[in-house]
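For reference, the structure discussed in these notes is given below.
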């Protein structure tokens, strides 16, 4: 079986930066086990698979070890493939996913995701978290992922987690964040239990980050940077129960998988 395959780097306009996503356009769904095997073989933080639903599309995302319920950078990458390689004629693409309908719209030179907001509420730090991070956050909040707030961008950049210890903490993923030096806020994202020790640029994290920073800074439009080694840049907007997350994307490779 031959499957078209693209690797797109999301939330960047520079080569070999941003977050790489594998994208597999399908005519119909493959077996779940095959999609998981392909994602493991690709060994990127996520591989996206989409299939047509009339004029819209079903969309699923797999890390090297499991399927996830929401992924921003691989959604952006999938839309880029549809717009730039598969000739999608409209301005907005609708994907149907485990997190409901998601749209991606051309926004000048960027693509803009419309995603559900996932606001965080204060909670106690889980046992082992501070030791695993090697740093104590000033504030801990919880949503779908744990949000740990620090004082400065320097603090966030300096975090060097013990990934084995962090993977033993009872949570899916940890977002660390702080005010940015040349952006409204910065972040990093760790999900070792999902097979992704550090994700380079994470759309789903901004479903939680945007409501937090919009409230804290008193502004709806926000400029964000994810300060992983590869790095990425996002333009966001708080829309109440939804968030806009926009960024660039660029192709790295295209070819065919033999499945």
**Prompt:** Using 1/(1 + (r/R0)^6) with R0 = 22 angstrom and r between the beta carbons of residue 123 and residue 69, what's the FRET efficiency to the nearest 0.05?
**Reply:** 0.65
**residue 154 versus residue 220: modelled label distance in nm, points set 7 Å from Cα along the beta carbon direction** = 3.6
**Fill in**
DSSP beta bridges in segment 126-244: the antiparallel percent, rounded to 5, is 75
**Asked** Rounded to the nearest whole Å³, what is the per residue volume of the convex hull around the Cα atoms of segment 121-240?
**Response** 94
**Request:** Only Cα pairs under 8 Å and at least 6 apart count here; give the relative contact order of the chain as a rounded whole percent.
**Result:** 24
**Prompt:** If you take the beta carbon distance between residue 96 and residue 130 as r and set R0 to 35 Å, what does 1/(1 + (r/R0)^6) give as a FRET efficiency, to the nearest 0.05?
**Reply:** 0.35
**Request:** Please give the per residue volume of the convex hull enclosing the alpha carbon atoms of the chain, rounded to a whole number of Å³.
**Result:** 116
**Message:** Of all beta bridges DSSP finds with both residues in the chain, what is the antiparallel percent, to the nearest 5?
**Reply:** 80
**Prompt:** So how many Å³ per residue does the convex hull of the Cα atoms of segment 122-192 work out to?
**Reply:** 77
**Asked** To the nearest 10 degrees, how steep is helix 206-217 against the longest Cα principal axis of the chain, on a 0 to 90 scale?
**Response** 40
**Message:** On a full-extension model of 0.36 nm per residue, what is the gain between residue 170 and residue 27, subtracting their alpha-carbon distance, rounded to one decimal in nm?
**Reply:** 47.7 nm
**Prompt:** Mean shadow of segment 6-135, computed from the convex hull of its alpha carbons, in nm²?
**Reply:** 10.2
**Prompt:** Percent relative contact order of segment 121-240, based on C-alpha pairs within less than 8 angstrom and at least six residues apart?
**Reply:** 19
**Request:** Multiply the residue separation of residue 181 and residue 163 by 0.36 nm, subtract the distance between their alpha-carbon atoms, and state the gained length in nm to one decimal.
**Result:** 3.8 nm
**Complete:** Inter-part gap, Cα centre of segment 45-77 to Cα centre of segment 95-164, in whole angstrom, is 19
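No value in this document is a laboratory result; all are computed from the given coordinates. Please read these numbers as outputs of a predicted model, since none were measured by experiment. Because the Cβ atoms are built from the backbone with ideal geometry, glycine has one as well, and the counts that use them run over all protein chains shown.
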